[in-house]
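What follows is a short report on a single structure.
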Amino acid sequence: MIPLSHVLTLSVILFVIGAAGFVLRRNIITVFMCIELMLNAANLAFIAFSRYLGTLDGQLFVFFVIVVAAAEAAVGLAIIIALYRNRETLNIEDLDSMKL
Amino acid sequence: MPVTLEKIPGQEERVILNMGPQHPSTHGVLRLVLELEGETVVRSLYDIGYLHTGFEKSFEAKTYTQCITLTDRMDYLAPLSNNLGFCLATEKLLELEIPPTAQWIRVLLTELTRIQSHLVWLGSHAIDLGAMSVFLYCFREREILETIFENVAGQRMMTSYFRVGGLAVEPPLGWLKPVEKFVREFPDHLREYEDLLTKNPIWLERTVGVGKVSAEDAVAIGLSGPSLRGSGVKWDIRKNQPYSSYEKFEFDVPTRSEGDVYARYLVRLEEMRQSLRIVRQAIDGMPEGRVRANAPHIVMPDREEMKTSIEGLIYHFKLVTEGFHPPIGEVYQAIESPRGELGFYMVSDGSPKPFRCHVRAPSFANLQSLGKMIEGRLIADVVACIGSIDIILGEVDR
Amino acid sequence: MATLSDTELFLLVTMIKIAVVMFVLMTTVAYLSWLERKVVAHIQSRWGPYLVGPHGLLQPLADGVKFLFKEDIVPLEVDRVVYWLAPFLSFALAFLSIAVIPFGGTFTIQGRTFNFQITDVNVGLLFIFAVTSLGVYSIVLAGWSANSKYSFFGGLRSSAQMISYETAMGLAVVGTLMIAGTLSLRGIVDGQSGTWVIGTFNTYLPRWNIFVQPVGFFVYLTAAVAETNRIPFDLPEGEAEYSNMVTVSCLATLLFFGGWHGPLFGPGWLRMLLPIFWFCLKVFCFLFFYIWMRGTLPRFRYDQLMSFGWKFLLPLGLLNVLATSFVVAWLSA
Amino acid sequence: MATDPNSDPIVQQLQAFAGIAFEEARAFRGELTLYIRPESLIRVCEFLRDAPGLTFKFLADITALDLYPGEPRFEVVYHLLSLDTARRLRLKVRLPGEDPRIASAVPVWPAANAFEREVFDLFGIVFEGHPFLERILLPEEWEGHPLRKDYPTEGFR
Amino acid sequence: MEILFYICAAVSVLAALNVVLQRTPVYSALSLILVLCLLAVIYLLLGAEFIAVIQVIVYAGAIMVLFVFVIMLLNAGREVPSERSRLARWLGVPLVIAFLLEVLWAVWNQFPSGTAPAADFDAGPAAIGHLLFRNYVLPFEVTSVLILVAILGAVVLAKKEE
């Protein structure tokens, strides 16, 4: 059987990669995708714990995370489109004022 | 790209889209420039001339008889209508009466041509909107008609069968048999197409209310033929200014008041039925007699006469080497071609070649209505509208 | 023949199953194009392919050879990776979904029972939906990678179409699921064996879901036609549609037409193989229906297509779900 | 057809409206041709279109004649049709060979648009006030106007 | 079974790296989709079939489609490196590595590799449904409202101003 720590290690690596991308990338869409990556890393941990603790609750949390991610993607991407329409850029360094 | 639309300042988000000249549903080489806002056509421009062959210039360098073969190539779906228009104009110039047999055969063949042309229209219109089978059914029927033309004139498409003063040759014996068979069978086939399209909800969705043109607009923009009648104007040259003894035939002029793609579709379908009626009357009442007028200085003598009499030989020689001399003057003769008013404006300076022969091509005028139909509508409707005005680019560009 | 261990036997049988299914699917897809051309041709009073082999039966082979030797034109400025990936993806997904489709009952080798199915997943139906939902990428990427305004618009539109109709398709099968109470395709089919018995009266109607879920079936069928981009929803065109057609036809058979259930008779081996025959027959009927439609109907306009999906099919599917849930609750109470 | 064209009701009505615009009337093979002075073309057209009893609402055609080397060299020909009375009428306007110009009939009949472009393309007659006077059949960079009688018909351009 | 996990894990880490290192957003998105699908396989291995399928349907099949659409619509090309991004790299990379090591250390301490999984349990859709509509019915309803709000928000935000 796969040891729990190995699954968690994968989760951590993915999370850290996502975090690094979040910090390093300049394209707002890529940054957004890094957030999704981090969410997924967390999901993996939930599933792993659910498997090793023998309860379904972890899976339900994943369920909710997916729903939240969907909502977040919808709104976030709509904001990106609105931003792009007004500023004509996707670089977050140029998106530094609160005004649209 | 010579013709293009300029961007309007402040409307930079609009897309300028080029459609054609090799788009499959432009029925030839028509190029459209569309300005789109989202999916809606805001402005449109058409660019033609890709098939321009300078027929009108060529007419001036050919004798009247030689010109007839050129007319075939303008509206290549209705060559006999073009032949008829040219011959009628010349005959008007010459004040030449042609015998009733020739007139009856002319009427019969031009009505068959109308059916043939409408069949091609129906098929290509249907395939533009995705109904593939109708296209092939229509071409199956067209094949029968082409065979009839070949039997009579020796050519399937470029018939050049009518001559100034009558017909080129007598039609072969028994040529009416296949016509009778066609007349018997065609109504069933027509019903079959109607079953596939007329009440089909998808077909209705695509055509009803699309490409509307009001009666006033249609007249002002110069629409003619079935497209004009689809807008509710009851005008048919065969009825209102009869030529080639159309006044002796009974038929109705179908009109619809809606002025949309569906109305034009229904009008053309009904026209096929009326044409069939005329053909039937022409078969039944076909008079006996010569098919060429008795005017030796204009009409070629029979082969027999040419070989046995000195006058025949001289007339033949004169006509072949020089042609005939119409009087000085100008005439305009319009006929109802399958697409609308096909007019020949003929100016003679007394020489055997036309001084000027201008063709009022119905497709050329009808194409102007396209902008009115598509502006403000979705881009997908453009295809339906092009199909519904039934243009032939050979005729548009001449 | 030496006796094999259980694992070996399992592996062997699975490999054979995969090979057979792949072979059958590939030939079906190839010959579906032949069938389509032939049937549409006969509808349109033509001959269709008839030169290569008897009745043109070798035409798909000839086409394949032609494709192999055809010059592959890659337009300038295209995104190479994506340009190659997109069609590959679409085929791979189409084959993937066939893995969970059961096409017959069971058979026994050395005392072990096997399914006529590559693998039985207990969420088989969801699996198919998952795979088809990835099919959007192949279209949108293909449209994008060609680096042309027109193909990009085409890709966007057809992917929007697929997404819209996927929703309706999902709703359409929910009714069936509620009746079956399982997501396993095998389970759904097993629930449809026998005949409908009302009280003590045997109607001799097979217990297929179509009789209790006609609305669901209608919505499913329409959505499936749109999902596979067939006429009258054929705004984009593609070859992979053939394998998708097979998948949705299989699914329709499984969900609404009792899968492999049909009259059984004859000796044992016949009883084992007849279900497969019934299954294939039903799937074939659906495929024929598809082709038939292509020969008959005109095409929708894009906005009409979208409003049809969202304003008609989706509410209809929802109502169907609602009604079914009430009936199921009332019956179980 | 030896009837005097001047006794035609159309001619009389037009003469009563604008006798000054009116040059000449001819009849040939039962077709009536009116020669109009170029400067009053639009007025006459509007009158013909709107006057009761005339109602030439349908513009069938516009074309031109090149009478080279005669002068005035060009004749612009308008074919009108009344759908109510089923009558046809031909209007003609004579234009000089040097810089032929005439007012556009598009405001009167929108149908004139394409016809005038064609005449401009093939004869080089300028229609003033036309909304989009570009070549229509020939390419934009074409030299000369092919339907003029002095346009060479052989040899390299 | 285990070997499949390690293959998936390795590929998903590589793909995740590609998400971050790739300068063309479309490739980033495609890599992310690959990660999501591989994670779904891992979920399957961990006995969560329903969630695995949901992951593919919703995450890979719907959310990422949105991303791909937006990338293509906005025609997001290659990212150009800027001055400040270099600063971020010098500062960020060591910090990230430090963070990674720290969490890993915690995980390995907390869960020695011998931790055995619990016995097989029913993770089918029926069980999840029961749990969802009994114990978690309030969060479920709240998320449905959230989704509704998100839809409305997205429509309002993305709509063109008249």
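The values are calculated or read from the model by the stated rules, or taken from the named source; none is laboratory data. Bear in mind the structure is a predicted one, so any value in this text is a computation, not a measurement. Please note: Cβ atoms are built from the backbone with ideal geometry, for glycine as well, and neighbour counts cover all protein chains shown. To get the accessible areas, we keep the full protein, side chains included, count just its heavy atoms, and leave off ligands, DNA and RNA. Shrake-Rupley method; radii C 1.70, N 1.55, O 1.52, S 1.80 Å.
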Original post:
Non-local amide H neighbours of B:R360 (under 5 Å, H modeled in plane, Pro and chain starts lacking H): which ones?
Top reply: B:G343, B:F344, B:Y345
Original post:
With heavy atoms of protein chains only and a 1.4 Å probe, what residues of region E:53-75 have at least 50 Å² less accessible area in the full set of chains than alone?
Top reply: E:V53, E:I57, E:Y59, E:I63, E:V65, E:F67, E:F69, E:V70, E:M72, E:L74
Subject >> Rounded if a/c under 1.5, otherwise prolate or oblate - region C:6-116, Cα gyration tensor axes >> reply: oblate
Subject >> region C:1-66 - charge dipole about Cα centre, Lys and Arg +1 at Cβ, Asp and Glu -1, debye rounded to 20 >> reply: 420
**OP:** Check cross-link reach from C:K70 to the lysines: straight Cα distance under 27 Å, and skip same-chain residues fewer than eight apart.
**Re:** C:K38, C:K149
Subject >> Assigned charges on the beta-carbon of Lys, Arg, Asp, Glu; the protein assembly as shown dipole about Cα centre (debye) >> reply: 1560
Original post:
Chains E and A: what accessible area do they bury, summed, in square angstrom to the nearest 100, with a 1.4 Å probe?
Top reply: 7100
**OP:** Round to the nearest 0.05 the FRET efficiency obtained for B:S309 and C:R46 when R0 = 56 Å and r is the Cβ-Cβ distance.
**Re:** 0.55
**OP:** Can you tell me the dipole magnitude for region B:300-397 around its Cα centre, using point charges on the Cβ only (Lys, Arg +1; Asp, Glu -1), in Debye to the nearest 20?
**Re:** 180
Original post:
Which FRET efficiency, nearest 0.05, do C:N202 and C:M272 yield, Cβ-Cβ r, R0 30 Å?
Top reply: 0.70
Original post:
Spin-label point model (7 Å from Cα, Cβ direction): what's the C:F326 to B:I283 distance in nm?
Top reply: 6.1
**OP:** Would you mind computing, in nm to one decimal, how far apart the modelled labels at C:D72 and E:E141 are, each placed 7 Å from Cα along Cα→Cβ?
**Re:** 5.7
Original post:
Which order do C:M306, C:M26 take by accessible area at a 1.4 Å probe, largest first?
Top reply: C:M26, C:M306
Subject >> Buried solvent-accessible surface, both chains (E, C), 1.4 Å probe, Å² to nearest 100 >> reply: 1800
Original post:
With the other protein chains left in place, how much accessible area per residue, in square angstrom, belongs to region C:1-87 at a 1.4 angstrom probe?
Top reply: 69
Original post:
Using a 1.4 angstrom probe with every protein chain in place, what is the largest-first accessible-area order of B:I314, A:I47?
Top reply: B:I314, A:I47
**OP:** Show the residues, 5+ positions off or on another chain, whose built amide H is closer than 5 Å to the amide H of D:G97.
**Re:** D:R73, D:F74
**OP:** Once you've got the Cα coordinates, tell me which of B:K177/B:K234; B:K62/B:K248; B:K177/B:K248 are over 30 Å apart.
**Re:** B:K177/B:K234; B:K62/B:K248
**OP:** Decide, for the protein assembly as shown, between rounded, prolate and oblate: order the square roots of the alpha carbon gyration tensor eigenvalues as a ≥ b ≥ c, take rounded if a/c falls under 1.5, and otherwise choose prolate if a/b is larger than b/c, else oblate.
**Re:** prolate
Original post:
Got a sec to turn the phi values of region C:51-66 into Karplus ³J(HN,Hα) couplings, 6.51 cos²θ - 1.76 cosθ + 1.60 with θ = phi - 60°, whole Hz, x for Gly and Pro?
Top reply: 8, 8, x, x, 6, x, 5, 8, 4, x, 4, 4, 4, x, 4, 4
Original post:
Once Lys and Arg get +1 and Asp and Glu get -1 on their Cβ, which of D:T153, D:A51, D:F120 lies farthest toward the positive end of the dipole of chain D?
Top reply: D:A51
Subject >> Choice from C:L68, C:L264, C:L85 showing the highest fluctuation, given a GNM over chain C with Cα pairs closer than 10 Å >> reply: C:L68
Subject >> Fraction of accessible area attributable to carbon and sulfur, the protein assembly as shown (%, probe 1.4 Å) >> reply: 65
**OP:** Would you compute, from DSSP H runs of 4+ residues alone, the mean residue ellipticity of the protein assembly as shown at 222 nm, taking -39500 (n - 2.57) per run and dividing by the full residue count, rounded to the nearest 500?
**Re:** -18000 deg cm²/dmol
Subject >> C-alpha center-to-center spacing [region B:136-196, region B:34-104] in angstrom >> reply: 21
Subject >> Inter-label distance, nm, simple model (7 Å from Cα along the C-beta direction), D:E141/D:E46 >> reply: 4.3
Original post:
Going by a ≥ b ≥ c, the root eigenvalues of the Cα gyration tensor, does region A:25-100 fall in the rounded group (a/c under 1.5), the prolate group (a/b larger than b/c) or the oblate group?
Top reply: prolate
Subject >> Over region C:1-66, relative contact order from alpha-carbon pairs under 8 Å, at least 6 apart, % >> reply: 20
**OP:** Could you tell me which trypsin sites (Lys or Arg not before Pro) in region A:47-100 are loop residues by DSSP with no more than 13 other beta carbons within 10 angstrom of their beta carbon?
**Re:** A:K99
Original post:
Among B:V213, B:V164, B:V331, which one moves the most in a GNM of chain B with springs linking Cα atoms closer than 10 Å?
Top reply: B:V331
**OP:** Distance check, please: which entries in B:K212/E:K159; B:K353/D:K92; D:K57/D:K92 exceed 19 angstrom between their Cα atoms?
**Re:** B:K212/E:K159; B:K353/D:K92
Subject >> Most positive-pole-ward Cα, C:L32, A:P3, D:A64, against dipole of the protein assembly as shown from beta carbon charges >> reply: A:P3
**OP:** At 1.4 Å probe size, with no ligands or nucleic acids counted, give the accessible surface of E:H130 in Å², nearest ten.
**Re:** 100
**OP:** Taking 30 Å² as the minimum loss, tell me which residues in region C:83-124 lose that much accessible area going from the chain by itself to the full protein complex (1.4 Å probe).
**Re:** C:N122, C:V123
Original post:
Which of the listed residues, B:T101, B:V134, B:Y64, is farthest toward the dipole's positive end in region B:61-173, when Lys, Arg count +1 and Asp, Glu count -1 at the beta-carbon?
Top reply: B:Y64
Original post:
Long-range amide H contacts for C:W196: which residues qualify at under 5 Å (H placed 1.01 Å from N, peptide plane, sequence gap of 5 or more or a different chain)?
Top reply: C:T203, C:Y204, C:L205, C:R207
Original post:
How about region D:82-157: which GluC sites (Glu not before Pro) there are in a DSSP loop, with at most 14 other Cβ atoms within 10 Å of their Cβ?
Top reply: D:E98, D:E134, D:E140, D:E141, D:E143, D:E154
**OP:** Given the options C:K311, C:K66, C:K38, state which has the largest fluctuation in a GNM of chain C using a 10 Å cut-off (strictly under) for Cα springs.
**Re:** C:K66
Original post:
Residue by residue, what Karplus-based ³J(HN,Hα) values in Hz, rounded to whole numbers, does region B:298-303 have, using 6.51, -1.76 and 1.60 with θ = phi - 60° and x for Gly and Pro?
Top reply: 10, 9, 4, x, 4, 4
Original post:
Using a 1.4 Å probe, what is the accessible area per residue for region D:1-153, in Å²?
Top reply: 41
Original post:
In percent, what relative contact order does chain C have, based on Cα pairs under 8 Å that are 6 or more apart in sequence?
Top reply: 19
**OP:** Could you let me know the centre-to-centre spacing of region C:1-41 and region E:1-60, using Cα atoms, in angstrom?
**Re:** 29
**OP:** Return the percentage of antiparallel bridges among DSSP beta bridges fully within region D:5-128, rounded to the nearest 5 %.
**Re:** 75
Subject >> Chains B and D, summed buried accessible surface - 1.4 Å probe, Å², nearest 100 >> reply: 3700
